[in-house]
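What follows draws every value from the coordinates through simple rules; no lab data is involved. All values derive from a computational prediction rather than experimental measurement. Every residue, glycine among them, receives a Cβ derived from its backbone with ideal geometry; neighbour counts consider all protein chains shown.
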Amino acid sequence: MKGKHILFASAITAATFGCTSKTTEGDTATTAVEASDSMKQKLDMYTTVRLTSDLSHLSENERKMIPLLIEAGDIMNELFWYEAYGKRDSLMSALNDEQLKRFVQINYGPWDRLNNNEPFVPGVGPKPDAANFYPADMTKEEFEQANLKDKTSQYTFLRRDANGKLITVLYHVQFKDQVKRVSDLLKQAAALAEDPGLKKYLTLRADAMLTDNYQPSDLAWMDMKSNRLDVVIGPIETYEDKLFGYKAAHEAYVLVKDMEWSERLAKYAAFLPELQRGLPVLAKYKTETPGTDSDLNAYDVVFYAGDSNAGSKTIAINLPNDEEVQLKKGTRRLQLKNAMRAKFDKIMVPIADELIAGDQKKHVTFDAFFANTMFHEVAHGLGIKNTINNKGTVREALKEHASALEEGKADILGLYMITQLHEKGEVEGSLEDYYTTFLAGIFRSVRFGAASAHGKANMVRFNFFKENGAFERDEQSGKYRVDYTKMREAMDKLSETILTLQGTGDYAGVGNLLNNQGQVSLQLQSDLDRLSKANIPVDIVFEQGVDVLGLR
């Protein structure tokens with residue numbers, strides 16, 4: 001990939017600094033103004049949020065830990081840049097426009113993550129599906145034929161040796177110096193940690209950074225119960241690898257637990273086995289028993305880095321992804337309350353004003369938004385992790401399609417959970433609130449573009465719901481109205497479809513679903529354009545760090 005990025009930089013330099021002899025001075029000025037206006041519009045897709053939290057309940061040691069965790073997290077930015085693009089410095093040094101540099105930083109590269117990864121820097125071609133995990137000239141067939149035992153590992157790069165033959169390079173070897181610094185910082189934080197569970201996790205995570213053996217620290221992370229601080233750090237999600245969906249990308253979150261909200265949420269994991277048995281699908285697709293040793297907690301996030309900070313920002317976390325850990329321990333679901341509140345106030349409310357029918361707009365509430373997001377994460381624990389026909393795990397069988405379908409499953413089964421728990425009297429509020437907010441949430445998330453697993457999942461659901469009459473659009477007002485009865489029917493039908501595709505590991509079937517239903521229609525695009533014209537941001541960027549927290 002090195003040669004490719006040098007060529008990119010050369011093309012960028014020529015496009016940024018040069019013009020042909022036929023271009024007049026007036027033409028150049030006009031082009032520069034148009035380019036500046038276009039970049040301002042792109043930057044305006046994001047609204048800035050200060051990531052703060054009340055730290056008054058933390059001990060002195062805990063306050064000392066946060067800067068160490070942020071410093072470790074910041075190194076994930078460097079690692080993710082390499083995974084997503086390659087040579088960050090050569091790209092940035094070729095640019096002389098501050099707005100363009102800022103947008104490159106937001107996207108960790110020259111491709112617009114909220115616009116289907118369209119290139120926005122002159123001279124840059126399409127974003128490779130392989131990102132920088134694999135050689136740019138490697139074909140899928142060459143990969144499949146390569147006799148390399150760890151080629152599908154989440155923690156290896158594919159590279160070529162001096163003879164052009166494919167080899168694997170372990171993450172901790174490629175990033176030897178960086179992971180040593182991260183490990184040292186985590187050990188320093190562990191030495192300050194007063195919570196035994198957090199101390200054990202940080203110590204094991206420090207070791208994992210040096211070995212790429214993350215399962216012991218994942219298990220320790222699952223065992224933490226009373227910690228007031230948390231950090232999610234390392235190579236975790238596989239969204240960036242669009243070639244196979246195998247390779248994990250580096251990211252970090254530094255988190256402060258909201259103890260009061262967490263107590264309110266703690267009861268829901270216990271319902272998972274009962275809800276699993278009631279899933280609207282044939283019995284053979286729900287024989288697995290989800291772990292119930294699962295935490296459901298609310299946090300303020302005070303630092304994002306790497307994959308989690310690229311383009312659209314995560315507002316909830318469901319980890320670990322290791323299927324063995326999930327079946328043994330379940331998962332932990334972390335609701336990022338301050339980031340969620342910012343998105344609701346700055347994005348969801350204006351979207352509802354523009355696109356939801358006037359008499360239903362009152363049903364778009366923060367509590368419903370919080371619950372829909374929360375149960376999305378809980379619902380990752382439902383369904384099926386291993387195919388029923390010996391194709392391995394669902395993730396292995398569905399390859400690069402796995403993430404999008406899993407996000408779609410979590411969305412629709414989250415709504416199923418709310419419906420079931422509401423009938424049991426375990427969830428407050430009206431179903432109209434949850435269903436209407438769910439539709440408004442589709443409009444919010446589909447603006448992330450089809451390049452995002454979440455965006456594609458939302459588009460599939462929107463089109464499926466439309467075909468099944470779950471909502472209707474008023475031609476005069478251009479606003480949408482939910483049909484609550486039909487939405488529930490569509491919810492069950494789509495749940496069955498997704499769970500069946502996962503259980504059979506139907507790679508071709510999932511591809512057809514995503515291709516046929518994962519598209520934005522001209523009508524919907526026109527409605528989404530209205531949101532842009534109304535200056536409603538698509539997502540958020542952060543002012544964050546020790547200075548913002550007053551910890552310098």
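For the range 431-502, the convex hull drawn through the C-alpha positions has a volume of 94 cubic angstrom per residue.
Any idea which of Ser445, Ile317, Ser153 is furthest toward the positive side of the dipole for the chain, if Lys and Arg beta-carbons carry +1 and Asp and Glu beta-carbons -1? Sorting the options by dipole projection puts first Ser153. Taking amide H atoms as placed 1.01 Å from N in the peptide plane, the amide H of Asp258 lies under 5 Å from those of Ala298, Tyr299, Asp300, each 5 or more residues away in sequence or on another chain.
The slack in the chain from Asp137 to Lys180, taken as 0.36 nm per residue of separation less the alpha-carbon distance, amounts to 12.4 nm. Each residue, Arg530 and Glu467, gets one label point 7 Å from its Cα in the Cβ direction; the gap between the two is 2.5 nm.
What you get for the range 258-344, charging only the Cβ of Lys and Arg (+1) and of Asp and Glu (-1), is a dipole of about 320 debye around the Cα centre.
Hey, for a label at Met259 modelled as a point 7 Å past Cα toward Cβ, could you say which residues of the range 213-238 have their backbone N under 14 Å away? Counting only backbone N, you get 225-229. Using the Cβ-Cβ distance between Glu496 and Arg160 with R0 set to 56 Å, the FRET efficiency works out to roughly 0.80. Rounded to the nearest 0.05, what FRET efficiency is calculated for Arg63 and Ser226 with R0 set to 22 Å and r the Cβ-Cβ distance? Calculated value: 0.80. Between Asp97 and Gln523, the FRET efficiency from the beta-carbon distance, with R0 = 30 Å, is close to 0.25. Phi angles across the range 303-318 convert, under the Karplus curve 6.51 cos²θ - 1.76 cosθ + 1.60 with θ = phi - 60°, into 3J(HN,Hα) values of 6, 10, 7, x, 3, 5, 9, 8, x, 5, 9, 5, 10, 7, 10, 10 Hz, Gly and Pro given as x. The relative contact order of the chain, computed from alpha carbon pairs under 8 Å that lie at least 6 residues apart in sequence, is 17 percent. Gyration tensor over the Cα atoms of the range 176-534: the corresponding equivalent ellipsoid has semi-axes (square roots of 5 times the eigenvalues, largest first) of 33, 23, 20 Å. Here's the list of aspartates and glutamates a cross-link from Lys486 could span, going by alpha-carbon distance under 19 Å and ignoring same-chain residues fewer than 8 apart: Asp359, Asp411, Glu423, Glu432, Asp433, Glu467, Glu472, Asp474, Glu496. Give Lys101/Lys313; Lys101/Lys151; Lys87/Lys385 a once-over and call out the pairs whose C-alpha atoms are over 25 Å from each other. Lys101/Lys151; Lys87/Lys385, as the Cα separations exceed 25 Å there.
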